[in-house]
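The values are calculated or read from the model by the stated rules, or taken from the named source; none is laboratory data. Small disclaimer: the values here were computed from a predicted structure and weren't measured. Ideal geometry is used to build each Cβ from the backbone, glycine not excepted, and the neighbour counts take in all protein chains shown. For accessibility, only protein heavy atoms count, side chains too; no ligands or nucleic acids. Shrake-Rupley method; radii C 1.70, N 1.55, O 1.52, S 1.80 Å.
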Amino acid sequence: MQAQNIISPAQILRGPGVISKLGDICALMGTRALVIGGHRGLSAAGDKIRHQLESSAVELVGSEWFGGESSEANISRLAKIVKEKKADIIIGVGGGKSLDTCKAVGVETSVPVVTVPTIAATCAAVTPLTIRYHDDGHFRDLFPLPQAPAAVIIDSEILATAPLRWLAAGLGDTLAKWYEFRAISGHHGQLSGVARSSSANSRICYDLIESYGPAACDAVRAGKPNAELDQVLDAIFMFAGLTSLMSSGAHAAASHAIYEGFTVCDKTREFGHGLLVGFGNLCLLALENRSDEELLEAIKLAKACAVPLRLSEIAKLTTDELDSIVQASLHAPDMANMPGVVTAQALYAAISRVEEMAERG
């Protein structure tokens, strides 16, 4: 009999202005906080974090750039800084790579981590997982962690001011929770209760984005939060996170494998995880031989959520570059979760069908 091991954050706050709770939350964990983040994330939230800590009993002992990649070298470097500064709280700020780095640093130093996402591009803020890359940005591996963040602060006022492409990335990545789980779950026989929970949460992700995704994009275009954005943030962070937690991360398939393939190409590596996953979602549906009607419906939703529909919207690729992406996708770990063997011919055909249907849609 296999034991279940579900690891989740102790506290998640979501809504406009919830960063005002940061000082009180940190004061329950320690007295010396080190902020680690990306340049843009620190610029967006650094002053707010500093102000909140000043009004609490927590000392800000420093602010560090995470290094640009969630690599083993950056994780080790930052762990040394945490120890040197005797920090007993890590506040992770920014997007997925920054937060993934901070979570791994927290595990290496046994220090609790509070995540403050400044873009809604992935569910990295809540998951006990770090996607590690090599220092040059090439995908390395999925690195499970024994602990999740101690607290997550999802401030929709901050997230509404981020560029639209990052919300679009979050929408693409979160739609994958449903598309990929559906693609692989039917081939594992009867689902357990935990797997059923993961499936239900993945469907909630889809339903919330279908209902509120376009209006959430309008909120970000205006730079002001609205009720629809809050609902979509719940999908991106909470329900997507629950999908991952309840499946122990074993829910990804071709959509993420195609993203992993894109990371081998200099032109596409930095385009955005969720945007590339979003394009991968459409290719997944084509690989499954879904009907034209269903694929068109997915393309229309992706378009309304600002997800790319064509390779040309991502980069102008040579034949050799596309071949390297296809080959890397086929050998990516997540492709092995597909119910059947995916060939290069099938993946090329799927990409062609998506692009043809995008012209029709």
> From the residues in region 337-351 that are of a type in the set (A, V, I, L, M, F, W, C) and touching a helix residue (DSSP H, G or I) at 6+ places or on another chain (Cβ under 8 Å), which one is most open to solvent (accessible area, probe 1.4 Å)?
Replying inline: Ala349
> Can you find even one residue in region 5-14 that is more than 30 Å from Ala195 (Cβ to Cβ), open to solvent by less than 60 Å² (accessible area, probe 1.4 Å) and not aromatic (Phe, Trp, Tyr)?
Replying inline: no
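Here's the yes/no breakdown for (1) among the small types (Gly, Ala, Ser); (2) under 15 Å from Ala257 (Cβ atoms); (3) open to solvent by 50 Å² or more (accessible area, probe 1.4 Å):
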| residue | (1), (2), (3) |
| --- | --- |
| Phe279 | no, yes, no |
| Asp292 | no, no, yes |
| Ala298 | yes, no, no |
| Leu309 | no, no, no |
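Condition check ((1) under 13 Å from Ile209 (Cα atoms); (2) open to solvent by less than 30 Å² (accessible area, probe 1.4 Å)) across all residues:
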{"position": "Gln147", "(1), (2)": "no, no"}
{"position": "Val152", "(1), (2)": "no, yes"}
{"position": "Gly172", "(1), (2)": "yes, yes"}
{"position": "Leu175", "(1), (2)": "yes, yes"}
> Only one of these conditions is not met by Ala200: (1) closer than 30 Å to Val264 by Cα; (2) modelled with pLDDT under 95; (3) of a type in the set (Gly, Ala, Ser). Which number is it?
Replying inline: (1)
> Out of curiosity, is Ala240 of a type in the set (Gly, Ala, Ser), touching a Ser or Thr at 6+ places or on another chain (Cβ under 9 Å), at pLDDT 95 or above and closer than 23 Å to Lys97 by Cα?
Replying inline: no
> Can you name the residue in region 318-329 that is of a type outside the set (S, T, N, Q) and touching a helix residue (DSSP H, G or I) at 6+ places or on another chain (Cβ under 6 Å) and, of all such residues, is most open to solvent (accessible area, probe 1.4 Å)?
Replying inline: Ala328
> Hey, Arg182 hits all of (1) within 22 Å of Lys224 (Cα to Cα); (2) outside any loop (DSSP other than H, G, I, E, B) but one; which does it fall short on?
Replying inline: (1)
>> Can you go through Leu13, Leu34, Leu60, Leu28 and tell me which one is aliphatic (A, V, I, L, M) and under 18 Å from the mean Cα position of the chain (by Cα)?
In response: Leu13
>> With the requirement that a residue be more than 16 Å from the chain's Cα centre (by Cα) and either over 28 Å from Asp88 (Cβ atoms) or open to solvent by 20 Å² or more (accessible area, probe 1.4 Å) (or both), what does region 109-136 give you?
In response: Thr109, Ser110, Pro112, His134, Asp135, Asp136
> Name the pairs whose Cβ atoms lie under 9 Å apart, with the first residue in region 50-74 and closer than 15 Å to Ile89 by Cα, the second assigned to a loop (DSSP other than H, G, I, E, B) and open to solvent by less than 30 Å² (accessible area, probe 1.4 Å), and 6 or more positions between them or separate chains?
Replying inline: Gln52/Val58; Val58/Gly30; Val61/Ala87; Gly62/Ala87
>> Would you confirm, using the coordinates I've provided, whether Thr161 is modelled with pLDDT of 95 or more, hydroxyl-bearing (Ser, Thr, Tyr), open to solvent by 40 Å² or more (accessible area, probe 1.4 Å) and under 29 Å from Val232 (Cα atoms)?
In response: yes
> Can you name the helices (runs of 4 or more DSSP H) wholly within region 258-361 that have at least 3 residues being touching a residue at least 24 places away in the same chain (Cβ under 8 Å) and over 23 Å from the mean Cα position of the chain (by Cα)?
Replying inline: 292-304, 319-330, 344-360
> How many residues does region 56-73 hold that are among the polar types (S, T, N, Q), closer than 20 Å to Val152 by Cα and in contact with a Ser or Thr (Cβ under 9 Å, 6 or more places away or on another chain)?
Replying inline: 1
> Taking into account only those residues within region 89-107 that are over 13 Å from Val126 (Cβ atoms) and small (Gly, Ala, Ser), which is surrounded by the fewest Cβ atoms within 10 Å (Cβ to Cβ)?
Replying inline: Ala104
